[in-house]
Every structure is written in structure tokens, then in C-alpha cells.
Amino acid sequence: MKAITFAICAATVLVSAAGYSAAGSLRHELTPEERLIYMQQVRGRDWAAMNLQQRCARRQQMRAQFASMSPADLQKLKQELDSRWQKMPTAERQRIEQRIADRRAHPAERSGRAHRSPCAETSTP
């Protein structure tokens, strides 16, 4: 009986470990400050010049890159983002913190918006 229980537990652990992804989502893995810095970094300077299809393709690429990170890569990224945050001028950090605080203080204003991605309309059937 113990051998069967052990085998089931071992199989469960192996299946769980095989499907494990270190990076769940930006929202769960990074602080709001880290997310902002990461998004600025991966979007690049030409983000505003991209059309909707290019942005959607870039977003998919960013998500795939983040989801494929190992735990060590994620930890290294967090350390790099924290370092960049500490190097930012105080005025810029305060502006970002105020923006985050405003968003947290008024969640009802955003909840009425449709949560549908604009990229959903650009996908081809």
C-alpha cells in the first residue's frame, strides 16, 4: 500500500515539475514598479510608431519570452529591475509611485471598461 501511494505521489510531483513555469504572469511575479520598468524595456523606443498588428505581435513575443523564463532567470530579471528602480531620479520614482497609488485608489473607474484586448480583433481566423 505504501509503495502504491509513493508511486502516485512521485508521479504527481514529476508531472507538476514538468509543467512548471517559473513565470506566471507579470502581475503576479513583479511589483507594479518592476512591471513598469520591464514594459518600458521590452517595448522599446519604437512602440508608439508601431501599428496595432505590430504591437499585438510584439505583445505575444513578450508574453512568450516571460513565460519561458526559468526561476533563476526570473530572479535575475527582478534584481536588474530593482537596480534600475534604485538608479532612477527621486522625482521620477515619486511620479510613478503616485500614478500607481492613483490607480489603486480608483479601481471602480477602470472596472467599467471592457477588458477585451484590442489584439483579439486583429487575429485572423
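The values are calculated or read from the model by the stated rules, or taken from the named source; none is laboratory data. Quantities reported herein were computed from a predicted structural model and do not represent experimental measurements. Note that each Cβ is placed from the backbone with ideal geometry, even for glycine, and that neighbours are counted across all protein chains shown.
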>> Looking only at region 71-81, count every residue that is loosely packed, with under 15 Cβ neighbours inside 10 Å and of a type outside the set (S, T, N, Q) and tell me the total.
In response: 5
> Here are some conditions: (1) within 13 Å of the chain's Cα centre (by Cα); (2) at pLDDT below 75; (3) surrounded by 10 or more Cβ atoms within 10 Å (Cβ to Cβ). SER68 meets all but one. Which one does it not meet?
Replying inline: (2)
> Which of the residues that make up region 24-65 are within 25 Å of GLU92 (Cβ to Cβ), among the aliphatic types (A, V, I, L, M) and surrounded by 11 or more Cβ atoms within 10 Å (Cβ to Cβ)?
Replying inline: LEU26, LEU30, LEU36, ILE37, MET39, VAL42, MET50, MET62
